[in-house]
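Novice: Before we start, here is the structure in question, set down as structure tokens.
The values are calculated or read from the model by the stated rules, or taken from the named source; none is laboratory data. Bear in mind the structure is a predicted one, so any value in this text is a computation, not a measurement. Cβ: placed from backbone, ideal geometry, glycine included. Neighbour counts: every protein chain shown.
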């Protein structure tokens, strides 16, 4: 009888031990080494249940988001489940297959269009993946204008080309190349470090740089010594988009640190805040950093990066923003660039000196489009009065890329002090005509061929509300075409543009 009782108690203990009775239950952590002294964690919160323990519920927590698992099934030591990422119409299904080992889970992840990835998850504490306590957003008020960015900012950003590979030597070399290539002389000023520079915080809460950036103040001094300015990146959330340390709860402290380092530009990316705040709280959350930058004692351009959500163009200036993203991330492709660029027309009333619509960074020179398409890209961004932030490797540009990025006539359209964003004045199928009024009373006009065949495109001065003859200059050819009475026409190649300036 004694043996039976002992056996029964042992069986009960085994069933209550989650590692034995429900081997998948618990919090499991995949810790990936970023290669810079920091780590990115993904937490699997799993609960195995049901009379036969074949049911599985839970969620997958990444640094900036979490999704409930769906279609989960347990079969012995194996479990399969999925999560749905993204928003309609860009949802993606990510499949997971987990196999129970002695003290770990072997997980195979399959994402659409990618090869399967093998991960190892180990048990974590009961709080793994949990958010810090919520900090209530402040009451709304208007942040004073900082007087900066009276024309759209021009410079370079590391993300499009380098992503997580950016480091101190690369930034120094890019600053050198900005000068030697003629880009500085053409007006490019900002050298902006995007995500992945951050480490954790010291005992006082001060943000630390990881080993890719050993001395941010010294880097700023180097960039300033070239006659350029240095930009940096953060998030209002606990983590940035790439899973690095964000500014949540440390806004004033971070702004003071940026000022001490000599930072001139902040890109503030919503990603990590989405787990804590709703979109309708976005204005107050961005206002908090706007106030902090104003109190930092240094002039710092404030770039809001929230992908056009919550109609940011209606409140961006009120939080101290100098520019705000109007769209999701651009890709180095014709489809991505044109979908974004030609979709900006309705936002024109919200742009002006100090406050710009930002359709994202330039892809010129990254290799995904032709020279013709890159000229269209540059022309459209100039007409949109968009920030011109190159996203390529400035150290190894072709002569064609340099010529596109440094065309003085095209840059002058973008930088025109009137600060008016161009508008679409006509669209006929694949043909679009856009115009931008300039401070001198002139107009810049883009004749765009979005089609696959050559097209002859014309524009009448009356479409601009103008009468009489106009002087015409071809901005890509750099050639004056003389006086034209009432109408101009050009043969435009597929995916190409004719960009002209007309004046009395």
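Novice: Out of the residues in region 189-228 meeting the condition of being in a strand (DSSP E or B) and in contact with a helix residue (DSSP H, G or I) (Cβ under 7 Å, 6 or more places away or on another chain), tell me which one is surrounded by the most Cβ atoms within 10 Å (Cβ to Cβ).
Specialist: Among them, the one singled out is 191.
Novice: I've got another one for you. Residue 436: without any contact (Cβ under 8 Å) to a residue 12 or more places away in the chain and either more than 18 Å from residue 380 (Cα to Cα) or crowded, with 20+ Cβ neighbours inside 10 Å (or both), yes or no?
Specialist: So residue 436 fails the test.
Novice: Answer yes or no as to whether residue 400 is under 29 Å from residue 161 (Cβ atoms) and outside any strand (DSSP E or B).
Specialist: So residue 400 passes the test.
Novice: Residue check: is residue 454 assigned by TED's automatic domain parsing to the domain that holds residue 339 and surrounded by fewer than 21 Cβ atoms within 10 Å (Cβ to Cβ)?
Specialist: So residue 454 fails the test.
Novice: Pick from 105, 119: which is part of a strand (DSSP E or B), more than 27 Å from residue 196 (Cα to Cα) and outside the structural domain of residue 270 (by TED's automatic domain parsing)?
Specialist: The match here is 105.
Novice: Here's another thing I want to ask about it. Out of 394, 447, report the one residue that is crowded, with 22+ Cβ neighbours inside 10 Å, in the same structural domain as residue 357 (by TED's automatic domain parsing), in contact with a strand residue (DSSP E or B) (Cβ under 8 Å, 6 or more places away or on another chain) and in contact (Cβ under 8 Å) with a residue 12 or more places away in the chain.
Specialist: Only one candidate qualifies: 394.
Novice: Residues of region 151-165 being assigned to a helix (DSSP H, G or I) and within 19 Å of residue 36 (Cα to Cα), which ones?
Specialist: Result: 159, 161, 162, 163, 164, 165.
Novice: If a residue must be part of a loop (DSSP other than H, G, I, E, B) and out of contact with any helix residue (DSSP H, G or I) (no Cβ under 7 Å at 6 or more places or on another chain), how many such residues does region 476-504 contain?
Specialist: Number of matching residues: 4.
Novice: A follow-up question, please. Would you mind listing the strands (runs of 3 or more DSSP E) fully within region 417-475 where at least 2 residues are under 19 Å from residue 386 (Cβ atoms) and at pLDDT 95 or above?
Specialist: 423-428, 431-437, 443-449
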